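Below is one structure, written out as structure tokens; comments come after it.
The values are calculated or read from the model by the stated rules, or taken from the named source; none is laboratory data. Keep in mind it's a predicted model, so treat the numbers as computed, not measured. Here the Cβ positions follow ideal geometry from the backbone for every residue, glycine too, while neighbour counts run over all protein chains shown. Please note that ligands, DNA and RNA were not included when accessible areas were found on the heavy atoms of the full protein model with its side chains. Shrake-Rupley method; radii C 1.70, N 1.55, O 1.52, S 1.80 Å.
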Amino acid sequence: MRKTNRFWARRRLLPLVLIVIAIAVVVALFRLKPAPPEATAEEKAWPVQTSVIESAARSPQLRLLGRIETPYQSTLSAAVTANVEALPVLEGQAVDQGDIIIELEDTEVELLRAQRQADVNELQSQIKQEQNQFKADQRLLEREKALVAISQRALDRENRLEASNLNSRARIDQAQQALQSAEISLVNRELAVANHESRLQSLEARLARAKALLEQAKLDLERTSIRAPFAGVVTDIQVSPGERVRPGEVLASLYATDNLEVRAQIPMQRVGVVQQALADKASLTATTSITGDPYELLLARLSGQVNPGAGGVDGLFRFADETPSAALNRTLDLTLELPPQSNLFSVPVSSLYDEHTLYRISEGRLESVDVTVVGDRFGDGRQSLLVRSKQLKTGDRILTTQLPNAISGLKVTVMNPGADHG
């Protein structure tokens, strides 16, 4: 019985012993495990693209949106009352100076011209008559004076006879009547001679007025043919054949093709530079493209006003060489060349951080540099920035890759060590 109890007691202790032995083995293995070699952390180098910069005198450029216009744009109106007879030219057609655009019937105006011509002829005839009458009055005036003298002698003779009682009172009265008639005739003749100049001046004034009306009628007759005042393109025809028009009624409009300008707004922050350049008689050029052909323009002047709500002043450009055939109000992309500035660096847009920071590569690490952005340059389908900084010099290599974690001291690897100068 006692042996049996010992047997069961030993069987209960056996699992505990095995567990203790297993724990001891695990502890021994853990302690005897060789320690792994310690890893040394290596700093990561970021692969980047760079550009070598060069200081030089460079001209900033402005991209502008322009619109073609012209100061020579005319609206033609009727000067007479007449019916529209024909339309030799229609909207969109080109005309030369003097070409007929609208033809009006001239029947009524021709009748008026004929009346004015008749008035002139009549007054010219009256002046000729007055001149002839004056010559006749001058000759008759001497005769009238002679008749007065004769009548006076006859009256004196009759008076002497009456004193000798050889004459009647009736004969004296007849002599006095004859003298008075002669004197009246003389006065009238003298008045006619004296009034000659005033009558002639009056007729000449009426003739001048009649001639002016005749010239007006001739001018109106010419104006029945509505002609182009300059070479250009017709933009609108507002009448049709058979329509009756009156003086002042708008008939057509056109613009000159050889006096085209391009109006483009220059930003206010650049207006001062442009005004100074114009004051210094500097030539500011711009380039554009029309139907694939390049054209050069010259900035002629600035607008004299700033339109409400505008962010700049309008610049007016003239084509430097041949004026292209372009429709009025067409929009154009202009690139304006501003005056050059010294000691500028040309850098890619991607190299600028926070609008005023570049990163220079120095001994494989980034070094921040503060810069001032002066302007832009456009060419070969890409945009570059022109910057100035006293911390930069020719030959510096700058970062052109946009890194989200760019900071001074960051280690980088240059992937294009042979980058071109900028």
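Filter the stretch 243-283 down to the residues that are surrounded by 14 or more Cβ atoms within 10 Å (Cβ to Cβ), in a strand (DSSP E or B) and of a type outside the set (Ser, Thr, Tyr) and list them by number.
VAL245, LEU251, ALA252, LEU254, ALA256, GLU261, VAL262, ARG263, ALA264, GLN265, ILE266
Picking from ALA231, ALA286, ALA310, which residue would you name as being under 20 Å from the mean Cα position of the chain (by Cα), under 25 Å from GLY381 (Cα atoms) and open to solvent by less than 50 Å² (accessible area, probe 1.4 Å)? Give the steps one after another, and end with the answer.
Working: ALA231 fails: under 25 Å from GLY381 (Cα atoms); ALA310 fails: under 25 Å from GLY381 (Cα atoms).
Result: ALA286 is the single residue among ALA231, ALA286, ALA310 that is under 20 Å from the mean Cα position of the chain (by Cα), under 25 Å from GLY381 (Cα atoms) and open to solvent by less than 50 Å² (accessible area, probe 1.4 Å).
Kindly indicate the residue of the stretch 343-382 that is free of Cβ contacts under 8 Å to residues at least 60 places away in the same chain and among the hydrophobic types (A, V, I, L, M, F, W, C) and also farthest from PRO267 (Cα to Cα) among those meeting that condition. Break it down stepwise before answering.
Narrowing the stretch 343-382 to residues free of Cβ contacts under 8 Å to residues at least 60 places away in the same chain: 349-350, 352-360, 362-363, 365-373, 379-382.
Checking which are among the hydrophobic types (A, V, I, L, M, F, W, C) leaves us with 349, 352, 358, 366, 369, 371, 373.
Working: VAL349: 20, LEU352: 22, LEU358: 26, LEU366: 35, VAL369: 28, VAL371: 22, VAL373: 16 Å.
The selected residue is LEU366.
Is there any pair linking a residue in the stretch 265-284 that is among the basic types (Lys, Arg) to one that is open to solvent by less than 90 Å² (accessible area, probe 1.4 Å), with Cβ under 8 Å and at least six apart or on different chains, and which?
Hits for this filter: ARG270/LEU62; ARG270/GLY312; ARG270/LEU338.
Give all pairs with beta carbons closer than 7 Å in which a residue from the stretch 230-247 that is free of Cβ contacts under 8 Å to residues at least 60 places away in the same chain meets a residue that is open to solvent by less than 30 Å² (accessible area, probe 1.4 Å); count only pairs at least 6 apart in sequence or on separate chains.
Listed by first residue and then by second, the contacts come to GLN238/LEU251; GLN238/ALA252.
Here is a yes/no grid of residues against (1) part of a strand (DSSP E or B); (2) of a type in the set (Gly, Ala, Ser); (3) surrounded by fewer than 17 Cβ atoms within 10 Å (Cβ to Cβ):
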position	(1), (2), (3)
ASN329	no, no, yes
THR335	yes, no, no
SER342	yes, yes, yes
PHE345	yes, no, no
VAL373	yes, no, yes
GLN391	no, no, yes
ILE398	yes, no, no
GLN402	no, no, yes
THR413	yes, no, yes
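Among the residues of the stretch 24-71, how many are at pLDDT 90 or above and basic (Lys, Arg)?
Total satisfying the criteria: 3.
Suppose we keep only residues that are modelled with pLDDT of 70 or more, open to solvent by 90 Å² or more (accessible area, probe 1.4 Å) and among the polar types (S, T, N, Q) within the stretch 146-183. Which one would you say is nearest to GLU197 (Cα to Cα)?
Here the residue is GLN180.
How many residues does the stretch 124-145 contain that are over 15 Å from SER198 (Cα atoms) and of a type in the set (A, V, I, L, M, F, W, C)?
3
Being β-branched (Val, Ile, Thr) and in contact with a Gly (Cβ under 7 Å, 6 or more places away or on another chain) is true for just one of VAL371, VAL387, VAL313, VAL347. Which residue is that?
On the way: VAL371 fails: in contact with a Gly (Cβ under 7 Å, 6 or more places away or on another chain); VAL387 fails: in contact with a Gly (Cβ under 7 Å, 6 or more places away or on another chain); VAL313 fails: in contact with a Gly (Cβ under 7 Å, 6 or more places away or on another chain).
Result: VAL347 is the single residue among VAL371, VAL387, VAL313, VAL347 that is β-branched (Val, Ile, Thr) and in contact with a Gly (Cβ under 7 Å, 6 or more places away or on another chain).
Since PRO324 meets every condition but one in (1) part of a strand (DSSP E or B); (2) open to solvent by less than 20 Å² (accessible area, probe 1.4 Å), which condition does it not meet?
(1)
Limited to the stretch 96-114, what total is found for residues that are touching a helix residue (DSSP H, G or I) at 6+ places or on another chain (Cβ under 9 Å) and either surrounded by 18 or more Cβ atoms within 10 Å (Cβ to Cβ) or in contact (Cβ under 8 Å) with a residue 60 or more places away in the chain (or both)? Before you say what the answer is, go through the steps one by one.
First, the residues of the stretch 96-114 that are touching a helix residue (DSSP H, G or I) at 6+ places or on another chain (Cβ under 9 Å): 106, 109-110, 112-114.
If we keep only those that are either surrounded by 18 or more Cβ atoms within 10 Å (Cβ to Cβ) or in contact (Cβ under 8 Å) with a residue 60 or more places away in the chain (or both) too, we end up with 106, 109-110, 112-113.
So the count comes out to 5.
Go through the stretch 217-228 residue by residue and tally those that are in contact with a strand residue (DSSP E or B) (Cβ under 6 Å, 6 or more places away or on another chain), of a type outside the set (D, E, K, R) and open to solvent by 30 Å² or more (accessible area, probe 1.4 Å).
First, the residues of the stretch 217-228 that are in contact with a strand residue (DSSP E or B) (Cβ under 6 Å, 6 or more places away or on another chain): 224-228.
Okay, now just the ones that are also of a type outside the set (D, E, K, R), so 224-226, 228.
Among the residues that remain, those that are also open to solvent by 30 Å² or more (accessible area, probe 1.4 Å) are: none.
Residues flagged as in contact with a strand residue (DSSP E or B) (Cβ under 6 Å, 6 or more places away or on another chain), of a type outside the set (D, E, K, R) and open to solvent by 30 Å² or more (accessible area, probe 1.4 Å) within the stretch 217-228 amount to 0.
Within the stretch 289-307, how many residues are assigned to a loop (DSSP other than H, G, I, E, B), among the small types (Gly, Ala, Ser) and either touching a residue at least 12 places away in the same chain (Cβ under 8 Å) or surrounded by 12 or more Cβ atoms within 10 Å (Cβ to Cβ) (or both)? Please lay out each step first, then the result.
First pass over the stretch 289-307, keeping only residues assigned to a loop (DSSP other than H, G, I, E, B): 291-292, 303-307.
Cutting the leftovers down to among the small types (Gly, Ala, Ser) gives us 292, 303-304.
With either touching a residue at least 12 places away in the same chain (Cβ under 8 Å) or surrounded by 12 or more Cβ atoms within 10 Å (Cβ to Cβ) (or both) added as a condition, the list becomes 303.
Adding up the residues that qualify gives 1.
Against the condition under 29 Å from SER253 (Cα atoms), β-branched (Val, Ile, Thr) and part of a strand (DSSP E or B), how does VAL313 come out, does it pass?
Details: under 29 Å from SER253 (Cα atoms): yes; β-branched (Val, Ile, Thr): yes; part of a strand (DSSP E or B): yes.
Taking the combined requirement at face value, the residue satisfies it.
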